[in-house]
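To start, the structure under review is shown below, and the notes come after it.
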Amino acid sequence: MNYIYDIFLNYNNIIYDIFEWNKNDKILHIRKIPVFLLNTNNLYDLINNRVVISKDLLVKLYKKTEVFASRGIQYLDYAFIATDRNDVVAFKLNKNGSIIGYSRLLLDGEVEVIDYSRTLSSQVIEYKILGKNSFERFKTRNEVYIKKFICEKLNKMLENKEFHKVKFLYLEFFNKEINDNTLIEEIYQELDNNWDNSYIKLYDFLKMMTIKR
């Protein structure tokens, strides 16, 4: 097993670039973690699909990742870093082999992994693809949060059959009338296909209403 030492990781269920890390994230100071050189297709699959990693690899990975902690060293059950010498991503798995966390690396850590990978032979990780990941690839972390917040509030209104409120918001912030028969379909099409300042204003309005309650 090959390892990289002394790096920082920030596992999330979405891949965030390092400029989107924030102070509330749980940043891990990794003492050591396994690293693999993969071909680009393998790495692409791991990043872009929901996959299950082979049990053989899980056995090899078990508690091989060490994390600096206030009371000594702790261990991640299943984790590794993969690179194709261009991209670098860290993965965290559950006991079933599903990927439950992704992390970019700080720039110096990324350079170190790529440099070290030049001494490695390419490997093939066995996995089964279950489907595509549903990452919001063209939105920032803040935009993803805003969309999620708006959807949660709209869902609550729809569950409570407060259709008049949804229609009012749609007209007020998107300057469009909406038909009762296509209410749900149209509101989520807007969220999926368009993004402008209207969403920020809608978010601010819904946030204000939440605080007032």
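Evaluated against (1) of a type outside the set (Asp, Glu); (2) in a loop (DSSP other than H, G, I, E, B); (3) modelled with pLDDT under 75, residue 161 falls short on exactly one condition, (3).
Every residue, every condition in (1) at pLDDT below 80; (2) within 30 Å of residue 100 (Cβ to Cβ), yes or no:
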site	(1), (2)
136	yes, yes
139	yes, yes
143	yes, yes
157	no, no
170	yes, no
177	yes, no
203	yes, yes
211	yes, no
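Against the list (1) more than 25 Å from residue 141 (Cβ to Cβ); (2) of a type in the set (Ser, Thr, Tyr); (3) assigned to a loop (DSSP other than H, G, I, E, B), the condition residue 16 fails is (1).
A residue that is part of a strand (DSSP E or B), of a type outside the set (Lys, Arg) and either more than 19 Å from residue 134 (Cα to Cα) or modelled with pLDDT of 95 or more (or both) occurs somewhere in region 19-29.
Results for (1) surrounded by fewer than 21 Cβ atoms within 10 Å (Cβ to Cβ); (2) under 29 Å from residue 140 (Cα atoms); (3) without any contact (Cβ under 8 Å) to a residue 12 or more places away in the chain; (4) not aliphatic (A, V, I, L, M), shown as yes or no for each residue.
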| position | (1), (2), (3), (4) |
| --- | --- |
| 20 | yes, yes, no, yes |
| 26 | yes, yes, no, yes |
| 52 | yes, yes, no, no |
| 60 | yes, no, no, yes |
| 76 | no, yes, no, no |
| 98 | yes, yes, no, yes |
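Got at least one residue in region 106-113 being charged (D, E, K, R), modelled with pLDDT of 95 or more, more than 22 Å from the chain's Cα centre (by Cα) and not in a strand (DSSP E or B)? Yes, region 106-113 has at least one match.
Which numbered condition trips up residue 144, out of (1) touching a Leu at 6+ places or on another chain (Cβ under 6 Å); (2) in a helix (DSSP H, G or I)? So the condition that residue 144 fails would be (1).
The values are calculated or read from the model by the stated rules, or taken from the named source; none is laboratory data. Small disclaimer: the values here were computed from a predicted structure and weren't measured. Using ideal geometry, Cβ is built from the backbone for each residue, glycine included, and neighbour counts are taken over all protein chains shown.
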